[in-house]
Protein chains: 2
Amino acid sequence: MAASDRLNQTSNILDKSIQKSNSQLSLLQVDTPFKVCVVGSGNWGTTIAKVVSENTAQHPHLFEPKVNMWVFDEKIEGTSLVSIINNKHENVKYLPNIPLPENLVANPDLLNTVGDADIIIFNIPHQFLPKIVQQMKGNIKPTARAISCLKGFEVGKKGVQLLSAYVEDELDIPCGALSGANLAPEVAKENWSETTVAYQLPKDYRGDGKDVDHRVLKALFHRPYFHVSVIEDIAGISIAGALKNVVALGCGFVEGLGWGNNASAAIQRVGLGEIIKFGQMFFPESRVETYYQESAGVADLITTCSGGRNVRVAKHMAKSGKSALDAEKELLNGQSAQGIITCKEVHEWLETCELLHEFPLFEAVYQIVYNNVAMDKIPDLIDELDEFRVE
Amino acid sequence: MAASDRLNQTSNILDKSIQKSNSQLSLLQVDTPFKVCVVGSGNWGTTIAKVVSENTAQHPHLFEPKVNMWVFDEKIEGTSLVSIINNKHENVKYLPNIPLPENLVANPDLLNTVGDADIIIFNIPHQFLPKIVQQMKGNIKPTARAISCLKGFEVGKKGVQLLSAYVEDELDIPCGALSGANLAPEVAKENWSETTVAYQLPKDYRGDGKDVDHRVLKALFHRPYFHVSVIEDIAGISIAGALKNVVALGCGFVEGLGWGNNASAAIQRVGLGEIIKFGQMFFPESRVETYYQESAGVADLITTCSGGRNVRVAKHMAKSGKSALDAEKELLNGQSAQGIITCKEVHEWLETCELLHEFPLFEAVYQIVYNNVAMDKIPDLIDELDEFRVE
């Protein structure tokens, strides 16, 4: 085949792909367009609100175009952030220099934002979730469906609870999750990336065209620059989203020691293995494929381990000899590196289960952060696992 | 448990691990110590020769300490490289500033190097393999066993042939492979890394203590700074080792376009998926776990995509608009980016099989390199796959 023929062939494949995608969406019909809202307006919250607002505007037969975004209002040089967003169509505080769609409307009243929504997207810092969920109780449509963009889980005496399960339990509505290799500023700039949405049809599913399903969620989140894969494995993407931060600390340690790319890749390999094992042990319904095939699995792990807060804090610890707490203070300006909290929760839970020895990397990270174990012991600590595995 | 107790516990685990590892090796006995040689003396060849020489010196009950390394002799400022290596214990040309063990002996005579060896380690550039193997025919011990450190496969009319299988066929001896997240200079400096050795016991296996087995290979290659996992899946690690270079070109393109970490992680995710699919399709005996659990799989992919020749050439193409050939010439000083050759071989083979559509990333890379398709079409080209997958 000549080069020009091949070029035509490629261009044909492309055209077919786009046509197919459009025709799929125009075939999709719903009885009443869904009302969508976003709870949260940080950089990731605003970015996701931008994504869905672009889609609701484009598919009015599926969604009410107007998207309410709940904003904890504050004054920016004397003016309310809510009114700035609604007048300038820019979140000057948390996502500056990114134009927002006009159908995205900032709303300072939480209950007014969520009250009539069919789809509620949570995108707030982890620690605010309980308070916000308590306020929402009894003030949402009983038929509403939720998607949580929060990463992670809570570990308590009852064991590991997914944040989506917490929302489900407290609000009595089904809740899925969105997670992926998505550094917010890059998505906001419309650099191409991928994500994973996980959702399970609820027991009270009302039927095609009447309820949220995988096609509706794809239509809501998929953009030309934000490619969405919709799956069922909520546990898998939540586990991966939380534990990757612990692995990233390990990568930061070996980077800070000057051990280079091989060592960082080794930590990521071992980390992926322990993430899968953790998932299989405590959420046996989660699928191994989720961890190595989805954006929320291996891709998010790679992105997180190539930079971000956890890597930076761990590198700083390695180079300066400072404690995790001091390193956090110096670098993060009051914010926290999530892996530092997660590795402690995971340690305490695994200790209760007497399973610490099954997760030598997670445990090594914990011991380095909390008990001052020397970082250069990581290879020996990890090898314990391999000794078992090889035989 | 108090912090000090935990520290003791950790230190106990470590001690036990080291004791266990040592006691396993002292339990391992062989009738006659194996003679080991290395064919090749580039930076990776010399590094591996250093690794095995350290182990043969340390375990004389398992290995003849002296390791012959075949060196294609050349003059360095008038002096033979072989004699420099043997006098200075440094490969000044290909691995400068790294002291080599004294029991590692450079040998300019190929047949003399391999003639009495029980274990032959191949570590030469791909293109020299046929000529060297032909010279060796009939000049090695019929009971010898080989390990290939060459990455990859050859694609011809008969299909995909592993390089280890080529050695087996031509020399009539069993041949395993070694592959991992191992940038040679970092291993040479004894920065910690991991690798995977794959070997299958041959039909004429002579029994424990009389023949090479997994424990012998672990003793030969494992160092405190070079952690070895020994498995059986030769096909898996060879496929991964070849195809990662194609994926790395894809990463270089999106990096060069300025699309950032999310995009590079997405390419790696899709690439891992296509590597697994390729392996399953053409080597159904290879194990999916190899790709996502072993150093030769996901970790080598991550290391390779974070730097190296393929990424550099692809980035340069993206930034300058130059062809692959021109970019290679400008950057690599006569060397080649292996992915450019591999993506063509893979394309031709998949075209023969009418399976191009199953591997959209590999095909996109091929089309960009050889048919001038625009790089920013990658997301659409890849999405074809996802459309199928989601439904």
Practice item. Residues being touching a Cys at 6+ places or on another chain (Cβ under 9 Å), of a type in the set (Gly, Ala, Ser) and within 11 Å of chain B (Cβ to nearest Cβ): count how many of those fall in the range A:220-264. Key: 2
**Study point:** Residue match in the range B:326-345 (condition: within 28 Å of A:Phe226 (Cα to Cα) and basic (Lys, Arg))
**Key:** no
Point to revise | Evaluation of A:Gly307 against (1) outside any helix (DSSP H, G or I); (2) within 14 Å of another protein chain (Cβ to nearest Cβ); (3) crowded, with 21+ Cβ neighbours inside 10 Å (one fails), failing number | key: (3)
Review point. Tell me, which strands (runs of 3 or more DSSP E) lie completely within the range B:101-176 with 2 or more residues that are surrounded by fewer than 17 Cβ atoms within 10 Å (Cβ to Cβ) and of a type outside the set (Ser, Thr, Tyr)?
Key: B:159-162
Review point. Can you pull out the residues in the range B:204-217 that are surrounded by fewer than 22 Cβ atoms within 10 Å (Cβ to Cβ) and either under 18 Å from B:Leu62 (Cα atoms) or modelled with pLDDT of 95 or more (or both)?
Key: B:Tyr205, B:Arg206, B:Gly207, B:Asp208, B:Gly209, B:Lys210, B:Asp211, B:Asp213, B:His214, B:Arg215, B:Leu217
Practice item. Check A:Leu110 against each of (1) within 29 Å of A:Asp300 (Cα to Cα); (2) touching a helix residue (DSSP H, G or I) at 6+ places or on another chain (Cβ under 7 Å); (3) of a type outside the set (Ser, Thr, Tyr) and name the one condition it does not meet. Key: (1)
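Here is a check on your reading of the model: is B:Ala296 within 13 Å of chain A (Cβ to nearest Cβ) and touching a residue at least 24 places away in the same chain (Cβ under 8 Å)?
Numbers: within 13 Å of chain A (Cβ to nearest Cβ): yes; touching a residue at least 24 places away in the same chain (Cβ under 8 Å): yes.
Yes.
Tell me which residues, restricted to the range B:269-316, are among the polar types (S, T, N, Q) and more than 17 Å from B:Gly152 (Cβ to Cβ). Break it down into steps so the answer makes sense when it comes.
Just the residues of the range B:269-316 that are among the polar types (S, T, N, Q), to begin with: B:280, B:286, B:290, B:293, B:295, B:303-304, B:306, B:310.
Across the range B:269-316, the qualifying residues are B:Gln280, B:Gln293, B:Ser306.
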Check your understanding: Any idea how many residues of the range B:277-286 are assigned to a helix (DSSP H, G or I) and either facing chain A (nearest Cβ under 8 Å) or of a type in the set (Gly, Ala, Ser) (or both)?
Key -> 1
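Examine the range B:202-214 for a residue that is at the interface with chain A (Cβ under 9 Å from one of its Cβ atoms), touching a residue at least 12 places away in the same chain (Cβ under 8 Å) and touching a helix residue (DSSP H, G or I) at 6+ places or on another chain (Cβ under 9 Å), and state whether such a residue exists. Give the steps one after another, and end with the answer.
Step one: list which residues in the range B:202-214 are at the interface with chain A (Cβ under 9 Å from one of its Cβ atoms), which gives B:214.
Applying the additional criterion that residues be touching a residue at least 12 places away in the same chain (Cβ under 8 Å) yields B:214.
Narrowing the set further to residues that are touching a helix residue (DSSP H, G or I) at 6+ places or on another chain (Cβ under 9 Å) leaves B:214.
Yes, the conditions are met somewhere in the range B:202-214.
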Review point. Which pairs do you get when a residue that is under 23 Å from A:Gly279 (Cα atoms), found in the range A:358-372, comes within reach of a residue that is of a type in the set (Gly, Ala, Ser) and crowded, with 24+ Cβ neighbours inside 10 Å, reach meaning Cβ atoms under 8 angstrom, with the pair 6+ apart or on two chains?
Key: A:Leu361/A:Gly250; A:Leu361/A:Gly271; A:Ala364/A:Gly250; A:Val365/A:Gly250; A:Val365/A:Gly339
Check your understanding: Here are some conditions: (1) under 22 Å from A:Ser264 (Cβ atoms); (2) within 12 Å of chain B (Cβ to nearest Cβ). A:Glu348 meets all but one. Which one does it not meet?
Key -> (1)
Review point. Of (1) crowded, with 16+ Cβ neighbours inside 10 Å; (2) over 28 Å from B:Asn262 (Cβ atoms), A:Asp376 satisfies all except one. Which?
Key: (1)
Review point. So which pairs qualify, if the first residue must be in the range B:236-251 and hydroxyl-bearing (Ser, Thr, Tyr), the second must be in a helix (DSSP H, G or I) and modelled with pLDDT of 95 or more, the Cβ gap must be under 6 Å, and the two must be at least 6 apart or on different chains?
Key: none
**Study point:** Per-region count, the range A:247-285, residues surrounded by fewer than 24 Cβ atoms within 10 Å (Cβ to Cβ) and among the polar types (S, T, N, Q)
**Key:** 2
Review point. Of all the residues that make up the range A:78-95, how many are touching an Asp or Glu at 6+ places or on another chain (Cβ under 7 Å) and either within 14 Å of A:Ala188 (Cβ to Cβ) or in a strand (DSSP E or B) (or both)?
Key: 2
Exercise for review: Read through the list (1) under 16 Å from the mean Cα position of the chain (by Cα); (2) over 24 Å from B:Leu381 (Cα atoms); (3) assigned to a helix (DSSP H, G or I); (4) of a type in the set (D, E, K, R), then give the number of the only condition that B:Glu289 fails.
Suggested key: (1)
Review point. Looking at B:Gly297, is it under 28 Å from A:Gly297 (Cβ atoms), surrounded by fewer than 17 Cβ atoms within 10 Å (Cβ to Cβ) and under 27 Å from the mean Cα position of the chain (by Cα)?
Key: no
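If you take the residues in the range A:177-186 that are buried (at least 24 other Cβ atoms within 10 Å of the Cβ) and in a loop (DSSP other than H, G, I, E, B), which one is farthest from the other protein chains (Cβ to nearest Cβ)?
It comes out as A:Gly180.
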Exercise for review: Return yes or no: is B:Ile341 of a type in the set (A, V, I, L, M, F, W, C), modelled with pLDDT under 95, part of a helix (DSSP H, G or I) and under 22 Å from the mean Cα position of the chain (by Cα)?
Suggested key: yes
Review point. Since B:Lys189 meets every condition but one in (1) buried (at least 18 other Cβ atoms within 10 Å of the Cβ); (2) more than 12 Å from B:Val230 (Cβ to Cβ), which condition does it not meet?
Key: (1)
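The values are calculated or read from the model by the stated rules, or taken from the named source; none is laboratory data. Nothing here was measured: the structure is a model prediction, and the numbers come from that model. Using ideal geometry, Cβ is built from the backbone for each residue, glycine included, and neighbour counts are taken over all protein chains shown.
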